[in-house]
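Report on one structure; see the data block that follows.
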Amino acid sequence: MDIKKLSVRELNQLAQEIREKIVSTVSSNGGHLASNLGVVELSIALHRVFNSPDDKIVWDVGHQCYAHKLLTGRLGAFSSLRKKDGIAGFPKRTESLHDAFNTGHSSTSISAALGLLAADRIQGGKSHVIAVIGDGALTGGMAYEALSHAGHLGLPLIVILNDNKMSISRNVGGLSKYLSRLSMKAKYQTFRRHFDAMAKKIPFIGDAFFNLVVRLKRAVKAVFYIDNFFVDLGFEYVGPIGGHNIQALIDVLNDVRKLNRPVVIHINTRKGKGYGYAEDDPDSYHGVGSFSVDGGLANESTNNKEDQKIKKSFTEAFSNCILNAANKDKKIIAITAAMQTGTGLSAFAKYLPNRFFDVGIAEEHAVTFACGLAARGLRPVVALYSTFIQRAVDQVIHDTALQNLPVIFALDRAGFVGADGETHQGLFDISLFRSTPNMTILAPASESEMQLMLYWVIGKGLGPTIIRYPKAYCPQEIEVFSTPIETGRGVFLSKNDKSDICLCFTGSLYKEATEAQTLLNEKGIKADLYNLRFLKPVDEDYLRNIMNEYKAVCFMEEGIRHGGFGEYASALALQQNCSAKILVLAADNSFIEKDNALGTREELLSINNLDGKSIVNAVFNL
């Protein structure tokens, strides 16, 4: 199908068919729904006007690329979306030439697109590059850095601001739309260049006259455009344009592609467009699991509902823990970066709104803002996904650890994260921050242990502390999880004088470690279980004794091997001449690619030899 040959009526019919395909697939596979439904017409218009893959489209965050994928030859594989060995839920260069740049984190599109465009011009090319960024992603500081540089370079970068919630700039009526459209026309641009050149050539007063004209233009724009941010940075501005009007989008894009200067196209869209449940509640339908198309999320299967009543996720456990702690200590403040629901802080925001801050998609700011609070005697808790703390490594080291400030980082989704792919795996926090001075890193195995750790950290008045936990359900509580915290030491869940092997695990791998112990026992091999609790600091004398007590010690962690706890323990064993053979099981020292980044958390654990059976096989090989 060549969409360049379709009529507008046929394009609108195509938009409806794409929406139906997205809804039916996401209802089965899970994924990002509301954001994708909001950009269907935009995706069609972009591919109608531009020539991908020669022209490059960079989707910020990337969780709105489903229509783009359907339009670029992936319809047949779309049913495998986010499944093991299937297509990714985000743009992926190895998947298609039409995916110009890998994205998964916010606010990167303008920087990447500007780099693609600069490279094209350096190499003598004439292709177009478009960055599609949402109003939420525009809260990230990196986007402003890129806009400033783009305005300075003056290259013909096209930035599409997809405004689907927050009003960035209010404009005065139809005249502002007319003027912004007028500035896109080739005749206007030609006249403007000639006029500017002639004005500067006027004897004696040329430069002064030109500067006066520029100031007058800005004054006129200020009447019609209440916010001139993009214009002041050197961009042409057009909008706002109805983001679901295919003809209007095509007309604007055709005008813009003829310009030879940077431009921002401001479009208004509606998240969840075309699916009533998602339109009415776009936040709940942003990232979803499987659901009933006819009944929506409220009509999930009875089995799923009952299962969720019985089980509690680590996110829900954190929600309870921080609220309990905050009710006892008025100095506790909660901070997140546009992830109130995802990090479990909705209840905190509801009951303690004056002590809750959502800073937008700005993790760097969230960390340093927390440092400011901590410097004045408060106890801020910054709740982020593990993959997003990577965006604030400098702030954690420079602003938090260097000053030894009491900031607690609650890192959700630490470890393997199913379906969203390699950009969302939380595998690097251990290796990134174990080397950071003054840092404490804890890994609870259950809700009670998480609560115990949170109270312990607050009571000790510790400096920077990470509490990391997985995207998984909490296990059933056992008495040992409530054993008091001892600095640098974990706890034995089982200990037998006749055991030859000790399985040492980070809290998130409790289920897998117990499965491995059971399988080993069935084979007549006794194995003890040791919950590490602390990844830093470590009571090295205590750990050394463990590594001298057994014939073999297996360290298991849900993180990257290089720089992880297991490598540290191996080095300690070698340094201290410990008698045990040391086995380290962790994520491979590479990004989880080659179709191995997709699937459930359980599938990813199995692929990386961290499920019960694989642990047993590794022990036998040792």
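The values are calculated or read from the model by the stated rules, or taken from the named source; none is laboratory data. The model shown is predicted, which means the values in this text are computed figures rather than measured ones. Cβ placement follows ideal geometry from the backbone for every residue including glycine, while neighbour counts extend to all protein chains displayed. What goes into the accessible areas is simple: the full protein's heavy atoms, side chains included, and nothing from ligands, DNA or RNA. Shrake-Rupley method; radii C 1.70, N 1.55, O 1.52, S 1.80 Å.
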Legend entry - By average C-beta atoms within 10 angstrom, highest first, the peptides 3-9, 72-78, 609-615: 609-615, 72-78, 3-9
Legend entry - Proximal aspartates and glutamates relative to Lys460, as straight alpha-carbon distance under 14 Å, when same-chain residues fewer than 8 apart are discounted: Asp329, Glu486
Legend entry - Net +/- balance of residues flanking Ala586 in space, Cβ distance below 10 Å, scoring K and R +1, D and E -1: -3
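Compare the peptides 118-124, 100-106, 411-417 by average per-residue count of other Cβ atoms within 10 angstrom and give them in order, highest first.
Most protected by this proxy first, the peptides run 411-417, 100-106, 118-124.
Work through the residues other than Thr341 whose Cβ is under 11 Å from its Cβ and net out their charges, Lys, Arg +1 and Asp, Glu -1. Numbers along the way, then the final one.
Working: positive: none; negative: Asp283, Asp358.
Net charge in that neighbourhood comes out at -2.
Would you mind putting 525-534, 85-94, 380-389 in packing order, based on average other-beta-carbon counts within 10 Å, highest first? Numbers along the way, then the final one.
Numbers: 525-534: 21.3, 85-94: 19.8, 380-389: 25.6.
Result, highest mean Cβ count within 10 Å first: 380-389, 525-534, 85-94.
Restricting to DSSP H runs of at least four residues, report the calculated mean residue ellipticity at 222 nm for the chain, -39500 (n - 2.57) per run over all residues, nearest 500 deg cm²/dmol. Let's see the in-between values first.
Numbers: 24 runs with 250 residues, N = 622.
Mean residue ellipticity at 222 nm (helix-derived): -12000 deg cm²/dmol.
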Inset, instruction - Enter the angle in degrees (range 0 to 90, nearest 10) between the Cα long axis of helix 246-256 and the first principal axis of the Cα atoms of the chain, meaning the one along which they spread out most. - result: 70 degrees
Legend entry - Computed over the chain: relative contact order in percent, which uses C-alpha pairs under 8 Å that are six or more apart: 12 percent
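Out of the total accessible area of the chain (probe 1.4 Å, heavy atoms of protein only), what percent is carbon and sulfur?
On the way: 13970 of 26830 Å².
Reported share for carbon and sulfur atoms: 52 percent.
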Inset, instruction - Would you mind checking the pairs Lys4/Lys258; Lys92/Lys511; Lys56/Lys83; Lys581/Lys613; Lys84/Lys536; Lys69/Lys126 and listing those with alpha carbons more than 29 angstrom apart? - result: Lys92/Lys511; Lys84/Lys536
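Relative contact order for segment 401-552: what is it in percent, counting Cα pairs under 8 Å that are at least 6 residues apart?
Working: 263 pairs, mean separation 41.4, N = 152.
With pairs under 8 Å counted, the relative contact order is 27 percent.
Are there any GluC sites (Glu not before Pro) in segment 453-486 that are in a DSSP loop and have at most 13 other Cβ atoms within 10 Å? List them by number.
Details: sites: Glu477, Glu479, Glu486; in loops: Glu477, Glu486.
Hits after loop and neighbour filter: Glu477, Glu486.
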Legend entry - Using alpha-carbon coordinates, inclination of helix 565-575 to the longest axis of the chain, degrees: 50 degrees
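Around Asp539, with a cut-off of 13 angstrom between Cβ atoms, what is the net charge of the other residues, counting Lys and Arg +1 and Asp and Glu -1? Could you put the intermediate results ahead of the total?
Working: positive: Arg489, Arg533, Lys536, Arg544; negative: Glu486, Glu540, Asp541.
Overall, the nearby charge balance is +1.
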Legend entry - Label selected from [x] 73, 57, 50; [y] 95, 54, 49; [z] 100, 79, 43, the criterion being Cα extents along the principal axes in Å as computed here: [y]
Inset, instruction - Could you tell me how many degrees, from 0 to 90 and to the nearest 10, lie between the Cα long axis of helix 206-224 and the main elongation axis, the longest principal axis, of the Cα atoms of the chain? - result: 70 degrees
Inset, instruction - Quick one: work out the % antiparallel among DSSP beta bridges in the chain, nearest 5. - result: 15 percent
